[in-house]
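*Asks:* Starting off with a structure, shown below.
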Amino acid sequence: MAGKRKDDNVYCSFCGKPQEMVGRLIAGNGVYICDRCIDLCMTILEDGEPEPVEMPKENAVSKDKLLKPAEIKRILDEYVIGQDIAKKTLSVAVYNHYKRVFNHDDNVEFSKSNVLMLGPTGVGKTLLAQTLAKALDVPFAIADATTLTEAGYVGEDVENILLKLIQAADFDIEKAQRG
């Protein structure tokens, strides 16, 4: 369930605060929303459309134009509600990844790290990844790993995933290598 965790306490599905920290929680179909998030939504609705954050027009993934973690998180904040820990973690991980890619100094070593996003359906894992790819102007492809099989067997080959990525990059191999 989106609003429950291992400890069986109820949490707001938007801000993640436990029931004890908010005045009131309203339950929906497996999700909860607190009075504070409702107030925030009402303010947004009353004020009209919020000013959208401009996605970078040019490729943000270059040594000169690499977005800082705070800038990446700000873009994610504009499109994804809640998930603050995930947004911070992804922002720093992406920034460090590109710092490592662009670092050609043999005296400085950046360690490689990976991020594994886990969670129930509908919590925003794919939206975070899609928004991040759009903000960095890198192609993005989604594949179901459960259908992957060894070449020649029934199922999908790894080459099909690469083809999806290349198609998302408009057949620009160099761009696909960055995605």
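Nothing in this text is a laboratory measurement; each read-out follows from the coordinates by a stated rule. Everything numeric in this text was worked out from a predicted model, so none of it was measured. All Cβ positions, even for glycine, are placed from backbone atoms using ideal geometry, and neighbour counts span all protein chains on display.
*Asks:* Counting other beta carbons within 10 Å of each residue's own, what order do Ser113, Ser91 fall into, fewest first?
*Replies:* Working: Ser113 11, Ser91 23.
Least crowded to most crowded, the residues run Ser113, Ser91.
*Asks:* Could you state the orientation-averaged shadow area of the convex hull built on the Cα atoms of the range 88-179, in nm² to one decimal? Before the final figure, lay out each step's value.
*Replies:* On the way: hull surface 31.6 nm².
Mean orientational projected area (the range 88-179, Cα hull): 7.9 nm².
*Asks:* Take the cross-link list Lys65/Lys164; Lys88/Lys125; Lys99/Lys164; Lys99/Lys175; Lys73/Lys164 and give me the ones stretching past 24 Å between alpha-carbons. Mind showing how you got there, number by number?
*Replies:* Working: Lys65/Lys164 27 Å; Lys88/Lys125 13 Å; Lys99/Lys164 27 Å; Lys99/Lys175 18 Å; Lys73/Lys164 27 Å.
Violating the 24 Å Cα-Cα cut-off are Lys65/Lys164; Lys99/Lys164; Lys73/Lys164.
*Asks:* Short version: ³J(HN,Hα) in whole Hz for each residue of the range 20-33, in order, from phi by Karplus 6.51 cos²θ - 1.76 cosθ + 1.60 (θ = phi - 60°), x for Gly and Pro, what are they?
*Replies:* 5, 8, 10, x, 8, 10, 9, 8, x, 7, x, 10, 10, 9
*Asks:* What does the highest-first list of 35-44, 115-124, 74-83 look like by mean Cβ count within 10 Å?
*Replies:* Numbers: 35-44: 13.2, 115-124: 11.4, 74-83: 18.4.
Answer by packing, highest mean first, reads 74-83, 35-44, 115-124.
*Asks:* Something else about it: Order these peptides, 11-17, 140-146, 156-162, by their mean beta-carbon neighbour count within 10 angstrom, highest first. All intermediate terms of the calculation are to be shown ahead of the outcome.
*Replies:* Numbers: 11-17: 19.7, 140-146: 11.9, 156-162: 13.7.
With the highest mean Cβ count within 10 Å placed first, the list reads 11-17, 156-162, 140-146.
*Asks:* Got a sec? How would Ile26, Ile72 order by Cβ neighbour count within 10 Å, fewest to most?
*Replies:* Working: Ile26 12, Ile72 24.
Ascending number of Cβ neighbours within 10 Å: Ile26, Ile72.
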